[in-house]
Structure formats: structure tokens, C-alpha cells
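A quick write-up on the structure given underneath.
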Amino acid sequence: MSSLPIHSKNAAPSLDGSAVIENDVKNQGKLDLVKRITHLISVAIIGGSIATIVLELWSMYLEDQNVIYAAGIIGCVLAPSVIAKQWILSRTETLRCAHNKIRMEINRFMEENNVSCLRRGTQITLQR
């Protein structure tokens, strides 16, 4: 069994985490933009559904035709379900967002571990 020194003097330059941290900061900005766009889309969909309910009820109030009542009832039943589904979708994280958050945390922990080990001068080895 051989061991590979991770924190030796030769390996230290390859463990510089500044590039990883810069990449994480850039990715965080992209994630924030995606969240803002998703929020705006959700607001538009929920607003449209509420407008649909109001217009359907208003048209049912103004006209006494069976077709208007049928369309109004269908619209008033489906619009709240659209609102509920959109609210649930906007509250849940996508798998990609969850994966990116986990990756950024792992990178941060690795950077903290590398810095603390280099300060102490300890040598961590991987067993093959």
C-alpha cells in the first residue's frame, strides 16, 4: 500500500482554492439571477390566474347564458389549482440548485481544511 501526500511542499500550489472560490462567487450570481427570473415568472402566472378568476366571475355576473356559466365554472375551478401548483413549484428547489449548493459547501470545507492543515504543517495522506 502506498500513500500519496496531499499537503507536502510540492503539492501546496496545486491546492490553491482561490480559483474555486472565484468560480463559486460567479455561480452564486447566476443562481441569484435564475431565482429572480423564476420569481417573476411565478408572479406573472399567479397574477394571470387571479385575473382569470375575476374576469370569469364578472362575465358570469353580467351575462345570463349557459355557455358563460360553463366556462366560468371551469375557469374558477382550474385557476386556483394553477395558483397552488405554481406556488409549490416556486417554493421547491430544483435538483440543480441543491446540487450547486452542496458543491459550493464542499468546496468551502475543502478550502478551510487545506488552509488549516497548511498552517499546522501537518501532512494528510490518502491510502491507495
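Selection of segment 36-93 for residues being modelled with pLDDT under 85, of a type in the set (Ser, Thr, Tyr) and surrounded by 13 or more Cβ atoms within 10 Å (Cβ to Cβ) yields 38, 90. So which residues in segment 55-67 are in contact with a Phe, Trp or Tyr (Cβ under 9 Å, 6 or more places away or on another chain) and touching a residue at least 12 places away in the same chain (Cβ under 8 Å)? The answer is 60, and nothing else. Across segment 68-100, what is the number of residues that are under 25 Å from residue 34 (Cα atoms) and in contact (Cβ under 8 Å) with a residue 24 or more places away in the chain? Final tally of qualifying residues: 8.
Would you say residue 125 is over 14 Å from the mean Cα position of the chain (by Cα) and either surrounded by fewer than 14 Cβ atoms within 10 Å (Cβ to Cβ) or at pLDDT 80 or above (or both)? Steps first, please.
Working: over 14 Å from the mean Cα position of the chain (by Cα): yes; either surrounded by fewer than 14 Cβ atoms within 10 Å (Cβ to Cβ) or at pLDDT 80 or above (or both): yes.
For residue 125, the condition - over 14 Å from the mean Cα position of the chain (by Cα) and either surrounded by fewer than 14 Cβ atoms within 10 Å (Cβ to Cβ) or at pLDDT 80 or above (or both) - is met.
So how many residues does segment 52-67 have that are of a type outside the set (A, V, I, L, M, F, W, C) and either within 25 Å of residue 39 (Cβ to Cβ) or outside any helix (DSSP H, G or I) (or both)? Even if it seems obvious, please write down each step before you answer.
Step one: of segment 52-67, the residues of a type outside the set (A, V, I, L, M, F, W, C) are 52, 56, 59, 61, 63-66.
Now drop any that are not either within 25 Å of residue 39 (Cβ to Cβ) or outside any helix (DSSP H, G or I) (or both), which leaves 52, 63-65.
Matching residues across segment 52-67 total 4.
If only one of 24, 16 is at pLDDT below 70, charged (D, E, K, R) and surrounded by 12 or more Cβ atoms within 10 Å (Cβ to Cβ), which one is it? Answer to the selection: 24.
The values are calculated or read from the model by the stated rules, or taken from the named source; none is laboratory data. Predicted, not measured: the structure shown is a model, and the values here were computed from it. All Cβ positions, glycine included, derive from the backbone under ideal geometry; neighbour counts span all protein chains shown.
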